[in-house]
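Undergrad: Before I ask anything, here is the structure I am working with.
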Amino acid sequence: MRFIKSILILIILVSCQNKDYKKAENSKMIFGTKSLKVQPIIDLSEKLESEDEIISISVDKNGINTLIIHSAPQYRTENGMFAVIKYDKPKDYTFIRFDLKGNEKFRTLIKDEYYNFHNVNFLPTKEILLICGRSRYKNENEIDKNARIYSLKGELLRDFVAGDGIQDVQIDNDGNIWTSYFDEGIFGNYGWDEPIGTPGLICWNKDGQKIWEFEPTDGLDHMADCYAMNIDSDNNTWFYYYTEFPLVKLDNSKQIKFWNTDIGGSSSLNISDNKVLMADGYDENNFILFEIKGNKLKKTKKIKFKNEENQELNKRNYITSFGSNIGFLQENKIYLTKMNEIK
């Protein structure tokens with residue numbers, strides 16, 4: 001009798017092991033790694049003089065924006081910890097806009113500017129938006145107006161205070177300006193006892209008037225650091241933030257949906273229909289492709305991007321990219337692909 005029981009237990013254990021093995025095999029089949037080769041569309045080396053430096057690049061719905069500084073000063077203090085907001089001597093920037101095929105469309109020289117900029121964008125009104133990520137509050141009459149809007153002739157048209165600690169900037173289809181904030185902009189630094197960036201995500205109109213700010217709904221925490229943000233082709237705003245790292249969708253009627261991601265510390269976010277692409281956490285260089293299925297966010301595969309020389313394009317090369325566009329910068333070359341290229 002004991003012998004029969006032992007045989008039965010052994011059969012059950014083997015059966016369970018086989019099921020676990022098959023489950024693991026199926027998981028490997030479903031959740032594999034896909035490599036995608038991306039071709040360069042712009043070589044900025046041809047646009048740079050010896051002392052020039054690329055400061056910022058962004059990809060929007062219709063084009064690519066680049067900001068180049070001439071005779072670049074240091075952007076950080078001597079200890080390397082904090083950004084310099086303004087420099088004691090004026091400097092010149094060049095803004096270049098390309099279409100999504102890499103053809104140059106506009107070039108603008110912005111002269112004698114004291115601010116150090118960290119974000120470049122282009123408004124539908126054909127105006128250039130440059131933002132310094134830091135803003136110092138001394139008193140109500142002395143605040144750094146760190147969002148500055150220029151004409152295509154390089155003339156300053158208007159400016160406004162967008163707050164300190166700006167992480168990222170996106171422009172939606174209506175021309176509104178979305179700014180996300182990292183922890184210092186949310187909790188306060190540089191003299192800000194009541195930081196503008198406390199909500200973690202703010203929407204401004206083109207004149208710098210606040211028209212929306214994030215407030216968590218049931219099931220969501222307040223933001224401590226907005227790690228990634230994007231806007232899709234239907235003008236929905238998506239964002240992902242610390243501490244719980246949910247993926248949040250804000251639709252046109254300002255209704256919120258959210259999903260658990262099960263990854264922490266991702267620094268990029270791209271959207272195409274029900275597909276979501278994110279960098280894979282703090283220590284990984286892969287990207288993860290998700291599929292939204294109702295209230296579930298399912299991981300489908302890992303993605304590795306490579307250039308024409310088979311070198312990896314990872315999250316350190318990623319540039320802020322609108323919707324389904326995926327952009328990278330490596331050795332002064334801009335690489336661009338779309339999520340529908342991922343098969």
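Undergrad: Mind listing just one residue for me: the one in segment 64-78 that is crowded, with 19+ Cβ neighbours inside 10 Å and of a type outside the set (Ser, Thr, Tyr) and, of those, farthest from the chain's Cα centre (by Cα)?
TA: Among those residues, the one meeting the criterion is 69.
Undergrad: Would you confirm whether any residue within segment 303-317 is out of contact with any His (no Cβ under 8 Å at 6 or more places or on another chain), closer than 21 Å to residue 62 by Cα and of a type in the set (Val, Ile, Thr)?
TA: Checking segment 303-317: not a single residue is out of contact with any His (no Cβ under 8 Å at 6 or more places or on another chain), closer than 21 Å to residue 62 by Cα and of a type in the set (Val, Ile, Thr).
Undergrad: Before we move on, is residue 198 among the polar types (S, T, N, Q), at pLDDT 95 or above, farther than 22 Å from residue 259 by Cβ and in a strand (DSSP E or B)?
TA: For residue 198, the condition - among the polar types (S, T, N, Q), at pLDDT 95 or above, farther than 22 Å from residue 259 by Cβ and in a strand (DSSP E or B) - is not met.
Undergrad: Given the options 191, 185, name the one that is at pLDDT 95 or above and assigned to a helix (DSSP H, G or I).
TA: Unique residue meeting the criteria: 185.
Undergrad: Also, I was wondering about something else. Which one of these does residue 164 not meet: (1) more than 25 Å from residue 242 (Cα to Cα); (2) under 21 Å from the mean Cα position of the chain (by Cα); (3) assigned to a loop (DSSP other than H, G, I, E, B); (4) free of Cβ contacts under 8 Å to residues at least 40 places away in the same chain?
TA: (1)
Undergrad: Residue 101 fails exactly one of the following numbered conditions: (1) farther than 22 Å from residue 168 by Cα; (2) assigned to a strand (DSSP E or B); (3) in contact with a strand residue (DSSP E or B) (Cβ under 8 Å, 6 or more places away or on another chain); (4) not hydrophobic (A, V, I, L, M, F, W, C). What is the number of that condition?
TA: For residue 101, the failing item is (2).
Undergrad: Could you run through segment 138-157 and say how many residues are within 17 Å of residue 197 (Cα to Cα), open to solvent by less than 60 Å² (accessible area, probe 1.4 Å), touching a residue at least 24 places away in the same chain (Cβ under 8 Å) and part of a strand (DSSP E or B)?
TA: Count: 1.
Undergrad: Continuing with the same structure: Quick check on my filter: what residues within segment 107-121 are open to solvent by less than 20 Å² (accessible area, probe 1.4 Å), of a type in the set (A, V, I, L, M, F, W, C) and in a strand (DSSP E or B)?
TA: Listed by number, the residues that qualify are 110, 120.
Undergrad: Considering 296, 302, which residue is more than 18 Å from residue 232 (Cβ to Cβ) and touching a strand residue (DSSP E or B) at 6+ places or on another chain (Cβ under 6 Å)?
TA: 302
Undergrad: List the number of the failed condition for residue 86; all other conditions in (1) over 21 Å from the mean Cα position of the chain (by Cα); (2) surrounded by 12 or more Cβ atoms within 10 Å (Cβ to Cβ); (3) modelled with pLDDT of 95 or more hold.
TA: Every condition holds for residue 86 apart from (3).
Undergrad: Then there is this: Which condition number in (1) open to solvent by less than 20 Å² (accessible area, probe 1.4 Å); (2) within 27 Å of residue 42 (Cα to Cα); (3) modelled with pLDDT of 95 or more is the one that residue 290 fails?
TA: Result: residue 290 passes all but (2).
Undergrad: So the check is Cβ under 7 Å with 6+ separation or different chains; which pairs have a first residue in segment 315-343 that's assigned to a strand (DSSP E or B) and a second one that's among the charged types (D, E, K, R)?
TA: Qualifying pairs under 7 Å: 320/168; 325/338; 326/338; 333/43.
The values are calculated or read from the model by the stated rules, or taken from the named source; none is laboratory data. Because the structure is a prediction, the values reported are computed rather than measured. Positions of Cβ are backbone-derived with ideal geometry, glycine not excepted, and every protein chain shown enters the neighbour counts. Only protein heavy atoms, including side chains, enter the accessible area calculation; ligands, DNA and RNA are left aside. Shrake-Rupley method; radii C 1.70, N 1.55, O 1.52, S 1.80 Å.
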